[in-house]
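Student: One structure, pasted below without further comment.
The values are calculated or read from the model by the stated rules, or taken from the named source; none is laboratory data. Just so it is clear, the model here is predicted, and its values are computed rather than measured. Every residue, glycine among them, receives a Cβ derived from its backbone with ideal geometry; neighbour counts consider all protein chains shown. Note: accessible area is taken over every heavy atom of the protein model, side chains too, but ligands, DNA and RNA are not part of it. Shrake-Rupley method; radii C 1.70, N 1.55, O 1.52, S 1.80 Å.
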Amino acid sequence: MSEAPAAPRTVSADISLLLKPPEPRAGWRLLPARVVAMCAVELQKLRHDRTELYTRAVQPALWLLIFGQTFTRIKAIPTHGIPYIDYLAPGIIAQSAMFIAIFYGIQIIWERDAGILNKLLVTPTPRSALTTGKAFAAGVKSLIQAVVVIVIAALLGVSLTWNPLRLLGVGAIVILGSAFFSCLSMTIAGIVLSRDRLMGIGQAITMPLFFGSNALYPLSVMPGWLQAVSKVNPLSYEVDALRGLLLGTPAHLALDFAVLAVAAVLGITAASSLLGRLAR
């Protein structure tokens, strides 16, 4: 005796499945989801237009090719026995990443002008999750730039490590540093509210941050007041960690990671508090 055919599913049951909204993420699952979504957006932008990637590679290449090779011949800066171009390379990686992140606030002003920011703010996503997602998206963008500079440095003969664990540490440091500088940029954007003002302030603080760090020369050759500036400059801790990881020079990795993590958290807090003001 054959079995009776299964009863077909009712049309109303199928429609209810189609109309059922996806279960919203909540709690600890929300932040990683937003970070991944923002990072995916940045990668899509780079996939569709790689021009920025190529043009931003010119400046670090010139720094290493001209400044690095010239000062390697002069031997005017003490570098503890390593060639100056090797000493300089981690500083240029940090500088390239910072230059991308420090102007990230311009993008959020553009999103405000296009109405995108207001749409994001009316979603149930907390502002801190939005800011964190954007900060780490800037970190991913900077990380791709850092990879380009590492390849250029390797082609110029810089002796870098290729240890996978150390390279993972390099990636983490670049993302943390960029997260802080992008939040600094978004905080300034929330204060000045204008693209032109942000551009001016960004250009005004970029070079002091760079020259007031250990990117070009060690702390020991700086005057006392500049050493004090360098010790409160997060870029110095990023360069110190990159130099230790890539070249194996003495570094304070635990302190460097801790300072950059605390700076990123403070930056996210400050930028999140000003996000509503920026959207008005």
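Student: What's the total number of residues in region 221-280 that are among the β-branched types (Val, Ile, Thr) and outside any helix (DSSP H, G or I)?
Tutor: Count: 2.
Student: Next up: May I ask you to list the residues in region 137-158 that are assigned to a loop (DSSP other than H, G, I, E, B) and open to solvent by 30 Å² or more (accessible area, probe 1.4 Å)?
Tutor: Passing the criteria: Leu156, Gly157.
Student: Okay, next question. If we keep just the residues of region 176-207 that are among the small types (Gly, Ala, Ser) and touching a helix residue (DSSP H, G or I) at 6+ places or on another chain (Cβ under 7 Å), which is surrounded by the fewest Cβ atoms within 10 Å (Cβ to Cβ)?
Tutor: Gly202
Student: Give the residue, chosen from Thr161, Thr132, that is buried (at least 17 other Cβ atoms within 10 Å of the Cβ) and either within 15 Å of the chain's Cα centre (by Cα) or touching a residue at least 12 places away in the same chain (Cβ under 8 Å) (or both).
Tutor: Thr132
Student: Still on this structure: For residues that are open to solvent by 10 Å² or more (accessible area, probe 1.4 Å) and more than 21 Å from Pro208 (Cα to Cα), tally how many sit in region 85-115.
Tutor: Within region 85-115, residues that are open to solvent by 10 Å² or more (accessible area, probe 1.4 Å) and more than 21 Å from Pro208 (Cα to Cα) number 9.
Student: Pull up region 237-264, narrow it to residues that are exposed (fewer than 14 other Cβ atoms within 10 Å of the Cβ) and of a type outside the set (Gly, Ala, Ser), then point me to the one that is nearest to the chain's Cα centre (by Cα).
Tutor: Applying the filter and picking the extreme gives Val262.
Student: Would you check which residues across region 222-233 are under 21 Å from the mean Cα position of the chain (by Cα) and either of a type in the set (Phe, Trp, Tyr) or surrounded by 24 or more Cβ atoms within 10 Å (Cβ to Cβ) (or both) and list them?
Tutor: none
Student: Taking region 64-101, which residues are out of contact with any Leu (no Cβ under 7 Å at 6 or more places or on another chain) and under 30 Å from Ala189 (Cβ atoms)?
Tutor: Residues satisfying the conditions are Gln95, Ser96, Ala97, Phe99, Ile100, Ala101.
Student: Which condition number does Thr79 fail, the rest of (1) assigned to a helix (DSSP H, G or I); (2) open to solvent by 10 Å² or more (accessible area, probe 1.4 Å); (3) more than 29 Å from Arg280 (Cα to Cα) being met?
Tutor: Result: Thr79 passes all but (1).
Student: Name the residue, out of Val36, Val58, Val41, that is open to solvent by less than 90 Å² (accessible area, probe 1.4 Å), within 21 Å of the chain's Cα centre (by Cα), of a type in the set (Val, Ile, Thr) and at pLDDT below 85.
Tutor: Val41
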